[in-house]
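Structure record follows, encoded as structure tokens.
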Number of protein chains: 2
Amino acid sequence: MKIAQVSPLFESVPPKLYGGTERVVSYLTEALVDHGHEVTLFASGDSVTRAKLVSHTQEALRLNPKVIDPLAFHILQLQEVIERAHEFDIIHFHTDYLHFPASQLLQRPCITTLHGRLDIPELKPLYDKFDTQAIISISNSQRNPLPQAAWMDTVYHGLPKDLYQAIETKDDYVAFIGRISPEKRPDRAIEIAEKAGCKIKIAAKIDKADLSYFHDHIKHLIQKPFVEYIGEIGESEKNDFLGKAKALLFPIDWPEPFGMVMIEAMACGTPVIAYAHGSVPEIIEHGKNGYLVSSVEEAAYAIEKASALDPRIIRRLFEERFSSDRMAQDYVRNYELLCNRHRISVSHHSKKFDSIDSKLTA
Amino acid sequence: MKIAQVSPLFESVPPKLYGGTERVVSYLTEALVDHGHEVTLFASGDSVTRAKLVSHTQEALRLNPKVIDPLAFHILQLQEVIERAHEFDIIHFHTDYLHFPASQLLQRPCITTLHGRLDIPELKPLYDKFDTQAIISISNSQRNPLPQAAWMDTVYHGLPKDLYQAIETKDDYVAFIGRISPEKRPDRAIEIAEKAGCKIKIAAKIDKADLSYFHDHIKHLIQKPFVEYIGEIGESEKNDFLGKAKALLFPIDWPEPFGMVMIEAMACGTPVIAYAHGSVPEIIEHGKNGYLVSSVEEAAYAIEKASALDPRIIRRLFEERFSSDRMAQDYVRNYELLCNRHRISVSHHSKKFDSIDSKLTA
């Protein structure tokens, strides 16, 4: 198929630093190329891809301090997509709702993956209005605030199979990775480790917005003797950090639409002990790739049980359910469905025109 | 005519506090109603107008701390305009470029007034692409960074004639009004007054962003004996404040696309002494409604000359050039031009269809 992928321009595809959406767009794009599709990627100019790259920005907007008005570049990108729409069989947007008003102009089937949190009050009237746009959720739980939207499917994120290797021999610690922020609950992770009498390693960045939270609530906790704070780590260090842990602690306090770190741990053969918020119960199969818990006591108790799970089985579950290969297959199935619907609707129209043509030429 | 006015949703129309664009949209809308047009105003729900109000937000977005994503409301507004476009002869946007990609869908003539500063690098590629959108500048000088855009006309802002009265008897001070910010140069205004041996009254608000500028550069200056700092003033106090001043000082340091305060002073019969940046030379006629200067010395010297100008002549110049009545007339002229162009283009198309129809019915 001829597929357009339309990425946000805030980070490159893949991102040089953090950037959830652009990272998934990258994995999906490369997997579609692997499957033999002809993919065009609309993304920032410093993106790296085997697809055809179309860009109006030299570099990712977040890295360019001169950019005052990022919307201008996204509007420009949208116009480029409109003008080139006829080149594609399907157009896949990852840029929220910006294209909805113009989507009638595209005359091609469009599909939109919503990557973010949807429990923002102003989205309700928006999706009341745009209730025919084919959209994809990244978990079933993500849909809850917007039942009125035209949900087509849930497609879970996936990682390239060769990104991480399973590590079967574990060291004696549990892992926490993410931002130091109230909704990620690093304090709760430390409490769980303390209760279990277990060492915890914390790999986390501290955003400016979270500095006062860090100073007021976390700084004194990471000075405890069983806590090792190792700061922010890169992709290359993640395999060891996650893979050697007895378990990943994911004691979140918010409806995370999809927790990438859970499938990263799975790819490394590491079980996850997680609070059952948001997408968590859809990713963690209790007793297979981890444990769903609802208290510090349950979580502490689950660490030993989790150590008994087989890393090879956890890895196999990852390969079956959360590879970028599977993600690409899921999307292609939805693309084909939409293209068929579109063909039927167009042929319905063109039959009308055929009858006019035959009268004209008669 | 049936006219749609599409306002930003950040402030109500008119704004309760500061809000340049929404204020002009209000003056224009009410003047068009006065002229007998059927006007529909797309604006926040707390707007007050004699036009028909269409809104999806109960209150202005800037006043609602719960609003996380103001773009969602503007996209919803755009969709509403698209769906109701057939009700109007012309659609007048004041919402920058957001509607450009969807504008083909409107099937009605569209005109856009750009209210802001245009020397932002990312706007250049945007207007390279959208070089056929009919746009209106609020001064000729505003156009400089974007010569490639399809500029249709300059329409200067205007005020209702009864908003302010000319005051002929002046008190012994010069006035400064605006934000305390580096580009407005309150420091320079104080220096001018000092050089002229003249009292200065400063009516100005201090935004959070400008607090350190105020403390570092202005606070010690306003303690001088000839300076009276009176804080932020409302509309009701402006007439006296501006009208009783010998002159308004407008010693700006940036290309202001249109300085509303200059025409407010004119409406009060008060001359303006201004640095010739941005729109200033288009508004100030040297020796008639004020003086154009390029140094503190020139400005100080101009105060006495300005005192000799006749407040009644300054007021007459305001009424001729900067009333909302005149602004509405200018816009209607442009609306009519666009409607005629559109009619010609549509009739060109429909002739083709007429010939198909006649073949079909033959």
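The values are calculated or read from the model by the stated rules, or taken from the named source; none is laboratory data. What you are looking at is a predicted structure, and each value in this text was computed from that prediction instead of being measured. Virtual Cβ from ideal backbone geometry, glycine too; neighbours counted across all protein chains shown. Ligands, DNA and RNA are stripped out before the accessible areas are found, and what is left, the full protein with its side chains, is counted by its heavy atoms. Shrake-Rupley method; radii C 1.70, N 1.55, O 1.52, S 1.80 Å.
The number of residues in segment A:31-69 being more than 14 Å from chain B (Cβ to nearest Cβ), without any contact (Cβ under 8 Å) to a residue 40 or more places away in the chain, small (Gly, Ala, Ser) and surrounded by 15 or more Cβ atoms within 10 Å (Cβ to Cβ) comes to 1. Taking the conditions (1) crowded, with 18+ Cβ neighbours inside 10 Å; (2) touching a helix residue (DSSP H, G or I) at 6+ places or on another chain (Cβ under 7 Å) in turn, B:Phe241 satisfies each one other than (2). Checking B:Glu87, B:Glu168, B:Glu83, B:Glu183 one by one, the residue that is open to solvent by 50 Å² or more (accessible area, probe 1.4 Å) and assigned by TED's automatic domain parsing to the domain that holds B:Asp253 is B:Glu183 and no other. Given (1) at pLDDT 95 or above; (2) in a helix (DSSP H, G or I), identify the lone condition not met by A:Thr95. It is condition (2) that A:Thr95 fails. Residue under question is B:Asp210, and the condition is that it be surrounded by 17 or more Cβ atoms within 10 Å (Cβ to Cβ), over 21 Å from the mean Cα position of the chain (by Cα) and farther than 24 Å from B:Ile284 by Cβ; does it hold? Against the criterion (surrounded by 17 or more Cβ atoms within 10 Å (Cβ to Cβ), over 21 Å from the mean Cα position of the chain (by Cα) and farther than 24 Å from B:Ile284 by Cβ), B:Asp210 qualifies. Among the residues making up segment A:90-108, those that are over 22 Å from the mean Cα position of the chain (by Cα), open to solvent by 10 Å² or more (accessible area, probe 1.4 Å) and not polar (S, T, N, Q) are A:Leu105, A:Arg108.
Scanning segment B:244-263 for residues that are of a type in the set (Phe, Trp, Tyr) and open to solvent by less than 30 Å² (accessible area, probe 1.4 Å) yields a count of 2. On inspection, B:Ile111 passes the criterion of being within 17 Å of the chain's Cα centre (by Cα), part of a strand (DSSP E or B), hydrophobic (A, V, I, L, M, F, W, C) and buried (at least 19 other Cβ atoms within 10 Å of the Cβ). Taken across segment B:53-67, residues that are part of a loop (DSSP other than H, G, I, E, B), closer than 27 Å to B:Gly158 by Cβ and in contact with a strand residue (DSSP E or B) (Cβ under 8 Å, 6 or more places away or on another chain) do occur, with at least one present. For segment B:117-145, the candidate set comprises residues that are part of a loop (DSSP other than H, G, I, E, B), over 24 Å from B:Glu11 (Cα atoms) and open to solvent by less than 20 Å² (accessible area, probe 1.4 Å); within that set, the residue that is farthest from the other protein chains (Cβ to nearest Cβ) is B:Ala134. Checking the conditions here, which among B:Asp253, B:Asp216 is modelled with pLDDT under 95 and in contact with a strand residue (DSSP E or B) (Cβ under 8 Å, 6 or more places away or on another chain)? Result: B:Asp253 is the single residue among B:Asp253, B:Asp216 that is modelled with pLDDT under 95 and in contact with a strand residue (DSSP E or B) (Cβ under 8 Å, 6 or more places away or on another chain). Please indicate, with yes or no, whether at least one residue in segment B:215-238 is within 17 Å of the chain's Cα centre (by Cα) and in the same structural domain as B:Arg315 (by TED's automatic domain parsing). Looking for residues that are within 17 Å of the chain's Cα centre (by Cα) and in the same structural domain as B:Arg315 (by TED's automatic domain parsing), one finds at least one in segment B:215-238, hence yes.
Each residue in segment B:307-324 was checked for being in a helix (DSSP H, G or I) and closer than 28 Å to B:Val24 by Cα, and 12 of them qualify. The conditions of being in contact with a helix residue (DSSP H, G or I) (Cβ under 7 Å, 6 or more places away or on another chain) and either at pLDDT 95 or above or within 19 Å of A:Lys129 (Cβ to Cβ) (or both) are met by B:Pro101.
B:Gly287 fails exactly one of the following numbered conditions: (1) buried (at least 18 other Cβ atoms within 10 Å of the Cβ); (2) outside the structural domain of B:Ile90 (by TED's automatic domain parsing); (3) in contact with a Leu (Cβ under 9 Å, 6 or more places away or on another chain). What is the number of that condition? Unmet for B:Gly287, out of (1) buried (at least 18 other Cβ atoms within 10 Å of the Cβ); (2) outside the structural domain of B:Ile90 (by TED's automatic domain parsing); (3) in contact with a Leu (Cβ under 9 Å, 6 or more places away or on another chain): (1).
Cβ-Cβ below 6 Å, separation at least six or inter-chain, first residue in segment A:187-213 and assigned by TED's automatic domain parsing to the domain that holds A:Leu249, second small (Gly, Ala, Ser): which pairs? Here the result reads A:Ile192/A:Ala299; A:Ile192/A:Ala300; A:Lys195/A:Ala300; A:Ala196/A:Ala300; A:Ile200/A:Ala193; A:Lys201/A:Ala175; A:Ala204/A:Gly178; A:Asp210/A:Ser181, each pair linking segment A:187-213 to a residue that is small (Gly, Ala, Ser).
Confirm whether A:Leu292 is over 16 Å from the mean Cα position of the chain (by Cα), assigned to a strand (DSSP E or B), under 18 Å from A:Ile190 (Cα atoms) and touching a residue at least 40 places away in the same chain (Cβ under 8 Å). No; evaluated as a whole, the condition is false for this residue. Taken as a whole, the structure places A:Lys201 among residues that are within 17 Å of A:Phe250 (Cβ to Cβ) and part of a strand (DSSP E or B).
Filtering segment A:23-52 to residues that are within 20 Å of A:Tyr335 (Cβ to Cβ) and either assigned by TED's automatic domain parsing to the domain that holds A:Phe258 or of a type in the set (A, V, I, L, M) (or both) leaves A:Val24, A:Val25, A:Leu28, A:Ala31, A:Leu32, A:Val33, A:Val39, A:Leu41, A:Ala43, A:Ala51.
All conditions in (1) at the interface with another protein chain (Cβ under 7 Å from one of its Cβ atoms); (2) in contact with a Pro (Cβ under 9 Å, 6 or more places away or on another chain); (3) under 23 Å from A:His74 (Cα atoms) hold for B:Leu114, with the sole exception of (1).
Residue pairs whose Cβ atoms lie under 6 Å apart, separated by 6 or more positions or on different chains, with the first residue in segment B:5-30 and of a type in the set (Asp, Glu) and the second assigned to a loop (DSSP other than H, G, I, E, B), are B:Glu11/B:Gly19; B:Glu11/B:Ala60; B:Glu22/B:Ser7; B:Glu22/B:Glu11; B:Glu22/B:Val13; B:Glu22/B:Pro15.
Filtered by the rule that a residue be charged (D, E, K, R) and within 16 Å of B:Gly231 (Cα to Cα), segment B:200-219 gives B:Lys201, B:Lys205, B:Asp207, B:Lys208, B:Asp210, B:Lys219.
Residues in segment B:169-188 that are at pLDDT 95 or above, among the basic types (Lys, Arg) and over 11 Å from B:Phe250 (Cβ atoms): B:Lys170 alone. If the condition is being more than 18 Å from the chain's Cα centre (by Cα) and free of Cβ contacts under 8 Å to residues at least 60 places away in the same chain, then segment B:245-271 contributes only B:Pro271.
Of all residues in segment B:302-332, exactly one satisfies the criterion of being open to solvent by 70 Å² or more (accessible area, probe 1.4 Å) and in contact with a strand residue (DSSP E or B) (Cβ under 8 Å, 6 or more places away or on another chain), namely B:Lys305.
In segment B:76-105, how many residues are in contact (Cβ under 8 Å) with a residue 12 or more places away in the chain and at the interface with another protein chain (Cβ under 10 Å from one of its Cβ atoms)? Going through segment B:76-105 one residue at a time, the tally reaches 14.
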